[in-house]
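Data block below; observations after.
The values are calculated or read from the model by the stated rules, or taken from the named source; none is laboratory data. As the structure is a computational prediction, the values presented were derived from the model and not from experiment. Quick reminder, even Gly has a Cβ in these numbers, built from the backbone with ideal geometry, and neighbours come from all protein chains shown.
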Amino acid sequence: MSDLQSCFKRYEKKYLLSPAQYEAVKRGMAPYMKPDAHPRYTICNIYYDTENYALIRASLEKPVYKEKLRLRSYGVPGSQSPVFLELKKKFDGVVYKRRVTMKTRDALRWLQGEQAGDGSQIGREIDWFLQFYRPEPKVMIAYDREAYAAADGGELRITFDTGLRARSNELDLRTGDHGVPLLDDKRILMEIKIPGTAPLWLARLLSEARAFPTSFSKYGTYYTQFVCGGRSAVKKKEVILSA
């Protein structure tokens, strides 16, 4: 959570690490990376899709271009807390993320068609997406993140996500970050975010740790396991929403 940027353009590489690989990578990157300004936090997302999951089904076919819409918060928000409504697009391996920041209540009213967007360029892009796809909330996915930034002030970022969990009911960020596990083992999801080529030290470190990139998708994993695989992503919890 190192900034409040509204636009990102970068490469993102994902790795599923064993606990031993995680420790090896952490040791090896220590001279080059430092804890982010906000080193540990929980991310909560509501993913939006068409009624028949057209967006994630297309994404899993690995097209040259794909896009998705999600509502994101850092921690469990209240109605007046800031959240991020994000359009995430990927073209030819490059990730483009465009987002607007607004209060939770206003974002939900916008998504439900009860009020207009913010009128910005990104807001108009989101309006087009909403009108074209008519998306609806499909799943809440949360995870606990450990974040690092380049010690030399560069744009390289490395994050580690644990406790990946999802639920298909209570699709409101204000109802908490609880859910059922997405992964059945103790693997850690590492993401490397960089505007260009990875530095040589990092390439060597990943090779030594025998860490190889994967096409792992949190939403894709939910769809494969819970929608197609028949697992239940319902986890009940009593929560009182803030006014």
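When you check ALA149 against the structure, is it in contact with a Lys or Arg (Cβ under 7 Å, 6 or more places away or on another chain), at pLDDT 95 or above, surrounded by 18 or more Cβ atoms within 10 Å (Cβ to Cβ) and not β-branched (Val, Ile, Thr), yes or no?
On the way: in contact with a Lys or Arg (Cβ under 7 Å, 6 or more places away or on another chain): yes; at pLDDT 95 or above: yes; surrounded by 18 or more Cβ atoms within 10 Å (Cβ to Cβ): yes; not β-branched (Val, Ile, Thr): yes.
Against the criterion (in contact with a Lys or Arg (Cβ under 7 Å, 6 or more places away or on another chain), at pLDDT 95 or above, surrounded by 18 or more Cβ atoms within 10 Å (Cβ to Cβ) and not β-branched (Val, Ile, Thr)), ALA149 qualifies.
Which members of region 204-213 meet the condition of being farther than 17 Å from ALA20 by Cβ and in contact (Cβ under 8 Å) with a residue 24 or more places away in the chain? Explain how you work it out, then say what you get.
Residues of region 204-213 that are farther than 17 Å from ALA20 by Cβ, as a first pass: 204, 213.
Answer for region 204-213, where residues must be farther than 17 Å from ALA20 by Cβ and in contact (Cβ under 8 Å) with a residue 24 or more places away in the chain: just PRO213.
Would you check which residues across region 148-182 are under 17 Å from the mean Cα position of the chain (by Cα), part of a loop (DSSP other than H, G, I, E, B) and over 30 Å from LEU202 (Cα atoms) and list them?
Result: SER168, LEU171, ASP172, GLY176, ASP177, HIS178, GLY179.
Give me a count of the residues in region 112-139 that are within 27 Å of THR221 (Cα to Cα) and of a type in the set (A, V, I, L, M).
Residues that pass the stated criteria total 3.
Being under 25 Å from PHE160 (Cβ atoms) and more than 16 Å from the chain's Cα centre (by Cα) narrows it down to one of PRO63, PRO19, so name that one.
Working: PRO63 fails: under 25 Å from PHE160 (Cβ atoms).
Every option except PRO19 fails the conditions.
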